[in-house]
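The block underneath contains the structure these notes are about, expressed in structure tokens.
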Amino acid sequence: REYSVGKRMFIAFFINVGLALLLVNAKLNFLAGAVIIGSGQYDDFTSEWYANVGTLLVTTVAINIFAPHMVGVGMYFLRKIQIMTFNGKVQMQLNELYLGPEFVPSYRYGQTLTTIMVSMLYGAGIPLFYAIATISFFVYYWIDKWLFLHWYATPPDFGSRLAEFASYVILYAVPLHIGFAIWMYSTPGFFVIGTGTFFDRITLEHTTPMLFLFAISVAVIVLDTTLYPAIRSIWNCFYKIPADPILDDDDEIFENVTKAKEDRLFRVLDSYNILENRRYMRAFGITPEFAKSHQGVDAMYREFRDQELPQLPDEIRNIGFA
């Protein structure tokens, strides 16, 4: 569930923060007559675009440095005030005041990926995005760590799909960053005089190396997503890696689980009967024979309700806690 929610939240955040302003203010001839998208006044990354649209993008991403944490930090201090002014009569009410909310990783993944992608998208033309991204990650780390220690409840165990998805998305940030850098650095009036065609813009002296890197990054993604899995499947048809390591003759091999338990090579529960647990056997002062013939603490209580517990034998008293 967290993987599905995190993926959708990233897409929504990225479209809202990184693409909406770009598309709304863009002048796209092939979308002439459109109501919102493509009906803007900027057909390139001009100085006016940086002054108007670029400023809004920087402001939006800068606000996201602290905005995601305001609710968590505010609720923490509000709860502290409630604890100091608590006048209830039931312990359960006080316990609930100390119980913080669960941390939602899908929300944080979506925000972090959005900051990365937007900064890589426009960072070539607006280097301030790099500084904003660095500050964002610094603030995210320390505030989340502080809230984990002082506010959030212990989170459940999550799988690795969301983290793997984040690593996969960051891979696409490379060609996007290089592609937008080529577009921005070939804008007429900055490094180029005149208008120039699309081919002229990507083959300029300062954009040709970036075009080469762009091709390499796209090739790596294609190989990683399509050809590599196919080659790996074909390879596995001819050569299959054994699931278990091959042991030499000199390696110690367990004959069976029972012998391994007797040799104390690993610890397992001998029984689900709590009385047969060595720790409780020693604490209760009972013999192994008594433990096997009784189930649970209630049975022991009924047996010795009107008499003293039996004397602890030496062989049980000397059992360690290994």
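The values are calculated or read from the model by the stated rules, or taken from the named source; none is laboratory data. Just so it is clear, the model here is predicted, and its values are computed rather than measured. A quick note on method: Cβ atoms are made from the backbone with ideal geometry, for glycine too, and the neighbour counts reach across all protein chains shown. Calculation scope for accessible area: heavy atoms of the full protein, side chains included, ligands and nucleic acids excluded. Shrake-Rupley method; radii C 1.70, N 1.55, O 1.52, S 1.80 Å.
Values as computed for the structure displayed
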item: Identity of the residue in the stretch 184-200, part of a helix (DSSP H, G or I) and aromatic (Phe, Trp, Tyr), that ends up nearest to MET117 (Cα to Cα); result: TYR185
item: Flag for TYR152 being modelled with pLDDT of 85 or more, closer than 24 Å to GLY74 by Cα and touching a Lys or Arg at 6+ places or on another chain (Cβ under 9 Å); result: no
item: Index of the failed condition, GLY54 passing every other in (1) buried (at least 17 other Cβ atoms within 10 Å of the Cβ); (2) outside any helix (DSSP H, G or I); (3) not basic (Lys, Arg); result: (2)
item: Restricting the stretch 64-94 to residues that are among the polar types (S, T, N, Q) and more than 22 Å from PHE13 (Cα to Cα), the residue that is surrounded by the fewest Cβ atoms within 10 Å (Cβ to Cβ); result: ASN87
item: Members of the stretch 1-51 that are over 26 Å from the mean Cα position of the chain (by Cα), modelled with pLDDT under 90, open to solvent by less than 60 Å² (accessible area, probe 1.4 Å) and aromatic (Phe, Trp, Tyr); result: TYR42, PHE45
item: Answer residue from the stretch 269-322, given it is modelled with pLDDT under 60 and assigned to a helix (DSSP H, G or I) and is least open to solvent (accessible area, probe 1.4 Å) among those; result: ILE316
item: Residue within the stretch 97-109 that is loosely packed, with under 15 Cβ neighbours inside 10 Å and either modelled with pLDDT of 90 or more or among the β-branched types (Val, Ile, Thr) (or both) present; result: no
item: Of residues in the stretch 201-233 being assigned to a helix (DSSP H, G or I), among the hydroxyl-bearing types (Ser, Thr, Tyr) and out of contact with any helix residue (DSSP H, G or I) (no Cβ under 6 Å at 6 or more places or on another chain), the one most open to solvent (accessible area, probe 1.4 Å); result: TYR228
item: Test: GLU96 is among the charged types (D, E, K, R), part of a helix (DSSP H, G or I) and within 28 Å of SER186 (Cβ to Cβ); result: no
item: Search result, residues across the stretch 74-97 that are touching a helix residue (DSSP H, G or I) at 6+ places or on another chain (Cβ under 7 Å) and either closer than 30 Å to TRP183 by Cα or among the aromatic types (Phe, Trp, Tyr) (or both); result: TYR76, PHE86
item: Complete set of residues in the stretch 84-125 that are more than 13 Å from the chain's Cα centre (by Cα) and closer than 30 Å to PHE214 by Cβ; result: THR114, THR115, ILE116, MET117, VAL118, SER119, MET120, LEU121, TYR122, GLY123, ALA124, GLY125
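Results for (1) open to solvent by 70 Å² or more (accessible area, probe 1.4 Å); (2) within 30 Å of THR225 (Cβ to Cβ); (3) not in a loop (DSSP other than H, G, I, E, B), shown as yes or no for each residue.
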residue: ILE143; (1), (2), (3): no, no, yes
residue: PRO156; (1), (2), (3): no, no, no
residue: SER167; (1), (2), (3): yes, yes, yes
residue: LEU171; (1), (2), (3): no, yes, yes
residue: HIS177; (1), (2), (3): no, yes, yes
residue: ILE182; (1), (2), (3): no, yes, yes
